[in-house]
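A.B. asks: To start, I am sharing the structure in question, which I have written as structure tokens.
Throughout, read-outs are computed from the coordinates displayed, never taken from laboratory work. What you see is a predicted model, and the numbers here were worked out from it, not measured in a lab. As a convention, Cβ positions derive from the backbone with ideal geometry for all residues, glycine included, and neighbour counts pool all protein chains shown.
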Amino acid sequence: MIKDTFFSFSRFGKLCRKEILENWKLYVLQLLVMYLIMAIILIWYSYTDYSSFNILTKTNDLNVHIFTLVFWMWSWWAFMCLGTSFAFKTMKCKTGRITMLMIPATVFEKFFFRWLVYVLILPLLIFLSIWLADYTRVLFYSAIYSEIPFIEVTDFKHFVGQGDGGYSLCHSWKDGSLLILLNVYIQSLFLLGSIVWPKNSFIKTLISIVLVVFLYNWGVVAFTRFSENSTLSTLILFFFKWGYILFPILTIINWTLTYFRLKESEVIHRI
């Protein structure tokens, strides 16, 4: 019988141990798949630059570094949203729901474990994958094109501009933090969708987001025709100004809704 009805460190530790021991092979396989996909794409993209190398031309692999940073961000979006949509996949069938209900842990502990895995650990695994993939690119082309002197790994600190006029993904930490907050907010929508639609969660959540964005843009365009000011540009300025407050609030709301939806699902399935 569970005495602490909210959170217990010892019980949560046992839950983490159970989930990791049962699913470690799946986690390793997912990490390997992410690494292979990233390595193949980086090697494929870099081929054009390295194969056309001319010793008489002063050049470097700047394009490769920029592509790596952009590809890292898009991979973050893709793998974060796709992975998070499977957070509550065990709830999609009767056997999985029974298994979830029989775990001797509170609803918050079950939610918090998945929050740790998908919100904190998954981004680190994505970064590890792109880092290993970038080193694979360097080792691969250094062996094939030994005459090229500038094949180097991408410095990921250039996610934000260093003020040296070099390559960067964001000009400042202000833009970089806004991009990170937007990514986390989008991911929170897929986390909520994973418990609202246990079956085909990724597709249903993606369709819902696309429909909402399409309908909103259609409404903005229609309203703009009757207004002298550009509502769309005003909206973009609004997000750049208030996104640092708005996105965290919306993200926390989505996490809270996810928790209460999980709690509600457990109550419903116990009846």
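A.B. asks: Describe numerically, in nm with one decimal, the distance between label points set 7 Å from Cα along Cα→Cβ at Cys93 and at Lys204.
C.D. replies: About 1.7 nm, to one decimal.
A.B. asks: On a 22 Å Cα-Cα criterion, which of the cross-link pairs Lys92/Lys204; Lys89/Lys263; Lys18/Lys199; Lys94/Lys199; Lys25/Lys204; Lys94/Lys263 come out too long?
C.D. replies: The pairs that break the limit, which is 22 Å between Cα atoms, are Lys18/Lys199; Lys25/Lys204.
A.B. asks: Going by average Cβ density within 10 Å per residue, which order do the peptides 142-149, 88-95, 107-114 take, highest to lowest?
C.D. replies: 107-114, 88-95, 142-149
A.B. asks: Another question, then. Could you order the peptides 43-51, 21-29 from most to least packed, using the average number of other C-beta atoms within 10 Å per residue? Display every interim value, and only then the final one.
C.D. replies: Numbers: 43-51: 14.8, 21-29: 10.7.
Put in order of decreasing packing, that is 43-51, 21-29.
A.B. asks: Here's a follow-up. Rounded to the nearest Å, what's the spacing between the alpha carbon centres of the stretch 13-33 and the stretch 114-149? Just the number, please.
C.D. replies: 21 Å
A.B. asks: Here is a further query. Highest mean first, what order results for 31-41, 180-190 on Cβ atoms within 10 Å?
C.D. replies: Ranking, from highest mean packing down: 180-190, 31-41.
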